[in-house]
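Peer 1: Sharing a structure, written as structure tokens. Questions coming.
Where a number appears in this text, it was derived from the coordinates with a stated rule and is not lab data. What you see is a predicted model, and the numbers here were worked out from it, not measured in a lab. Heads up, the Cβs are rebuilt from the backbone with ideal geometry, glycines too, and the neighbour counts pull from every protein chain shown.
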Amino acid sequence: MGKPQKVSLQEAISLIKDGDMLTFSGFTIWRRPMAAIYEMIRQGKKNLHLVEVNGGTHDDMLIGAGCVKIWESCWVGHELYGKIGGNFSRKAETGEIIYEDYSHVQMLYRLVAGAQGIPFMPTYASLGSDILNPAYDALGRAGLRDGSNPKIPPKKYEMFKEPFSGTEVALIPAAQPDWCIAHVNMVGSEGTVRVFGQKYSDEEAMKAADKVIVITEQIVPEEFIRREPERNLVPPYLVDYIVELPWGAHPTGCFGSYEADGAFINEFFTKTRTQEGFDAWAQEWIFGVKDHDEYLNKLGASRLEKLRASAALGYSTKVKRGSR
């Protein structure tokens with residue numbers, strides 16, 4: 001297994017093909033690879049297939065830009081900055097995307113199975129709910145479970161009477177995306193990955209994917225990052241490409257580095273409830289800047305410094321928070 005390649009963001013994203021299946025790091029509005037999302041939209045990616053434990057600002061943005069054909073997850077939104085993904089809702093209602101509902105734990109188990117190289121995981125989750133109603137198998141209704149795409153399982157689930165207690169469980173098929181794009185705090189010069197704070201399902205997502213692009217706040221000497229191996233997430237052999245890109249998760253947060261930019265996310269949510277609104281927003285913030293550096297310059301140093309986390313506390317002391 002070769003050493004991960006250090007590449008530019010543009011180079012990394014150019015490797016993603018139309019129709020590829022993607023998954024991402026983070027959770028809702030935390031440690032999403034937003035600079036990669038902007039670049040995918042700039043490069044005009046089409047017919048992407050997203051498979052995620054949960055959705056967030058990143059996939060709502062890709063969906064608004066018309067980059068997504070299939071979405072498989074349990075929820076999409078912006079937490080307290082916009083509860084439901086407006087672009088997802090709009091395009092789901094018009095049939096512009098195919099969306100497949102699983103429960104939260106079922107989506108996690110799909111990546112766990114993919115990470116372990118096994119075909120499925122058993123679970124009691126969602127028994128008796130419409131998530132397991134054959135009438136709501138969206139990929140099946142669309143005729144996409146015919147075996148022509150090896151990334152789409154022939155069944156959404158399979159009920160199984162397990163032999164130990166005789167009860168029924170649901171077998172949930174593994175997910176093995178073409179790509180995992182992850183944003184992390186730190187990567188060693190040889191590719192060892194470290195995340196501060198909650199790791200969510202990042203390890204499972206990286207291990208399940210065929211290829212991994214890691215976008216990092218900083219590259220540090222490998223000798224340094226290996227002094228405390230218990231703090232590291234995955235070894236170099238799981239990483240294919242490394243992009244060093246400070247602030248690459250903005251407007252989502254990166255614990256230990258910076259806060260989520262709630263005002264920015266709320267403005268995106270508010271202004272993109274219509275396609276015309278999304279197009280105008282994208283023209284300003286995606287197509288109106290040529291790259292990540294121009295994006296940061298447009299945001300301005302004072303806004304970014306307000307979000308920067310205290311090295312001692314892991315969060316910003318300058319962001320105004322709620323009060324009673």
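Peer 1: Give me the Kirkwood hydrodynamic radius of the chain in Å, from all C-alpha pairs, to one decimal place?
Peer 2: On the way: mean 1/r = 0.0492 Å⁻¹.
Value: 20.3 Å, from the Cα pair sum.
Peer 1: Mind checking the full-extension length gain between GLU93 and GLN283? Use 0.36 nm per residue of separation minus the Cα-Cα distance, one decimal, nm.
Peer 2: Length gained, GLU93 through GLN283: 66.0 nm.
Peer 1: Okay, next question. Can you put MET206, MET186 in order of Cβ neighbours within 10 angstrom, beginning with the fewest?
Peer 2: The most exposed by this proxy come first: MET186, MET206.
Peer 1: Are there any trypsin sites (Lys or Arg not before Pro) in segment 1-79 that are in a DSSP loop and have at most 15 other Cβ atoms within 10 Å? List them by number. List each step's numbers first, then the result.
Peer 2: Values: sites: LYS6, LYS17, ARG31, ARG42, LYS45, LYS46, LYS69; in loops: LYS17, ARG31, LYS45, LYS46.
Within segment 1-79, the qualifying trypsin sites (Lys or Arg not before Pro) (loop, at most 15 other Cβ atoms within 10 Å) are LYS17, LYS46.
Peer 1: While we're looking at this one, here's another question. Mind checking which lysines have their Cα closer than 18 Å to the Cα of LYS320? Skip sequence neighbours fewer than 8 apart in that chain.
Peer 2: List returned: LYS306.
Peer 1: A follow-up question, please. Go through 168-175, 197-204, 49-56 and give me the packing order, highest mean Cβ count within 10 Å leading. Intermediate results must be reported in sequence, preceding the final value.
Peer 2: Numbers: 168-175: 20.4, 197-204: 18.9, 49-56: 24.9.
Most protected by this proxy first, the peptides run 49-56, 168-175, 197-204.
Peer 1: At a 10 Å Cβ-Cβ cut-off, how would you order SER73, SER310, SER103, fewest neighbours first? Kindly include the intermediate steps, with their values, before the conclusion.
Peer 2: Details: SER73 23, SER310 11, SER103 18.
Result, fewest neighbours first: SER310, SER103, SER73.
Peer 1: Suppose only helical runs count, i.e. DSSP H with n ≥ 4. What mean residue ellipticity at 222 nm does that imply for the chain under -39500 (n - 2.57) per run, divided by all residues and rounded to the nearest 500 deg cm²/dmol?
Peer 2: One gets -8000 deg cm²/dmol as the mean residue ellipticity at 222 nm.
Peer 1: So how tilted is helix 262-271 from the main axis of the chain? Cα-based, degrees 0 to 90, rounded to 10.
Peer 2: For helix 262-271, the angle is close to 60 degrees.
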